[in-house]
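Notes follow the structure.
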Amino acid sequence: MDLFMELFKVFITGGIICSIGQLLIDKTKLTPARILVLFVTMGVILTFLGIYEPIVNFGKAGATVPISGFGYALGTGVMEEIDKVGFLGIFTGGVKACAAGISAAVIFGFVASLVAKPTIK
Amino acid sequence: MNANVNMTKEEYSNYVDSKAKKSPIGKNLVWAFVVGGFICIIGQLITDLFTSWNFSKDDASTICTIILIFLGAFLTALNLYSIIGKHAGAGSIVPITGFSNSVVAPAIEFKTEGYVLGLGANMFKIAGPVLVYGITSSVIVGFIYWIIKLFM
């Protein structure tokens with residue numbers, strides 16, 4: 001039952017975040033690329049303002065799997081690193097926190113595009 | 001056919017709008033909600049699985065990110081991700097699998113233009129801006145945070 005409740009919260013949180021994206025696409029004609037940029041930037045800013053953390057505590061993967069969670073990782077990463085090492089953390093913290101995501105995107109993306117055939121239009 | 005050939009541009013534009021198929025916003029929202037929520041549930045189940053195998057919370061969510069990015073790339077290479085995206089819209093764009101899709105899809109498309117300037121250069125056509133603005137805002141936020149800390 002606990003698991004069910006947890007997954008329900010994840011579903012609701014992730015669903016709402018994606019619906020906001022859909023609403024922006026339908027109402028403002030923002031392109032998907034702009035949506036992604038907007039969500040990452042908002043993720044960083046909301047994390048800094050302390051607004052995103054409670055959403056993550058409530059919705060867990062529902063808040064970290066959407067691309068705004070990437071911004072959350074950047075934001076928490078940079079602040080934690082500054083706490084640890086000081087000034088240099090400004091430059092190292094963010095990318096360090098999402099290094100796995102970037103490397104995974106590069107390597108899997110590279111291999112996948114090597115293997116796949118371009119679709120004929 | 002009694003269309004008025006003397007319509008002004010504005011009238012014509014209104015006429016076209018009235019004939020154009022309305023995009024069903026309500027239906028789009030439900031699709032985005034359900035598919036987006038479902039992808040997040042998969043992410044949560046992966047994270048829970050690895051925490052139950054005694055991985056720390058941070059490690060488990062890092063592994064989850066890597067697996068979801070792999071799945072996004074894999075489904076894109078099989079040309080299946082675009083099928084999901086057709087209905088799901090933002091539900092397939094906003095999750096991290098969509099980020100992965102945005103890396104792989106242009107890379108495949110521009111592969112014919114060569115491995116360096118085709119595949120290599122276009123991989124980050126959409127993901128590049130995401131990193132530029134994401135990292136820039138993290139450095140700005142970090143700088144502000146550092147200054148605030150100086151005075152506390």
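In the range A:1-29, the qualifying residues are those that are more than 19 Å from B:Gln44 (Cα to Cα) and aliphatic (A, V, I, L, M), and the one that is modelled with the lowest pLDDT is A:Ile25. Only one entry of B:Gly142, B:Gly91, B:Gly134 meets the criterion of being touching a residue at least 60 places away in the same chain (Cβ under 8 Å), facing chain A (nearest Cβ under 7 Å) and touching a Gly at 6+ places or on another chain (Cβ under 8 Å), and that entry is B:Gly91.
Listed by position, the helices (runs of 4 or more DSSP H) contained in the range A:1-111 that have at least 2 residues being more than 7 Å from chain B (Cβ to nearest Cβ) are A:2-28, A:32-48, A:52-59, A:67-85, A:89-97.
If you check B:Ile63, B:Ile83, which single one turns out to be modelled with pLDDT of 95 or more, more than 8 Å from every other protein chain (Cβ to nearest Cβ) and assigned to a helix (DSSP H, G or I)? Break it down into steps so the answer makes sense when it comes.
Numbers: B:Ile83 fails: modelled with pLDDT of 95 or more.
Being modelled with pLDDT of 95 or more, more than 8 Å from every other protein chain (Cβ to nearest Cβ) and assigned to a helix (DSSP H, G or I) holds for just one of B:Ile63, B:Ile83, which is B:Ile63.
Can you name every residue in the range B:13-53 that is surrounded by fewer than 11 Cβ atoms within 10 Å (Cβ to Cβ) and modelled with pLDDT of 90 or more? Within the range B:13-53, B:Ser52, B:Trp53 qualify.
Assess whether B:Phe151 counts as being modelled with pLDDT of 95 or more and under 26 Å from A:Glu80 (Cα atoms). First the steps, then the outcome.
Details: modelled with pLDDT of 95 or more: no; under 26 Å from A:Glu80 (Cα atoms): yes.
So B:Phe151 fails the test.
Answer yes if at least one residue in the range B:102-118 is within 24 Å of A:Thr13 (Cβ to Cβ), surrounded by 21 or more Cβ atoms within 10 Å (Cβ to Cβ) and facing chain A (nearest Cβ under 8 Å), and no otherwise.
As a first pass, look at the range B:102-118 and keep what is within 24 Å of A:Thr13 (Cβ to Cβ): B:102.
Retained after the next criterion (residues that are surrounded by 21 or more Cβ atoms within 10 Å (Cβ to Cβ)): B:102.
Restricting the remaining residues to those that are facing chain A (nearest Cβ under 8 Å) gives B:102.
There is at least one residue in the range B:102-118 that is within 24 Å of A:Thr13 (Cβ to Cβ), surrounded by 21 or more Cβ atoms within 10 Å (Cβ to Cβ) and facing chain A (nearest Cβ under 8 Å).
Among the residues of the range B:66-76, are any within 29 Å of A:Phe87 (Cβ to Cβ), part of a helix (DSSP H, G or I) and more than 7 Å from chain A (Cβ to nearest Cβ)? Scanning the range B:66-76, I find no residue that is within 29 Å of A:Phe87 (Cβ to Cβ), part of a helix (DSSP H, G or I) and more than 7 Å from chain A (Cβ to nearest Cβ), so the answer is no. Scanning the range A:31-58 for residues that are crowded, with 17+ Cβ neighbours inside 10 Å and either more than 14 Å from A:Thr76 (Cα to Cα) or modelled with pLDDT under 95 (or both) yields A:Pro32, A:Ile35, A:Leu36, A:Val37, A:Leu38, A:Phe39.
The values are calculated or read from the model by the stated rules, or taken from the named source; none is laboratory data. Keep in mind it's a predicted model, so treat the numbers as computed, not measured. As a convention, Cβ positions derive from the backbone with ideal geometry for all residues, glycine included, and neighbour counts pool all protein chains shown.
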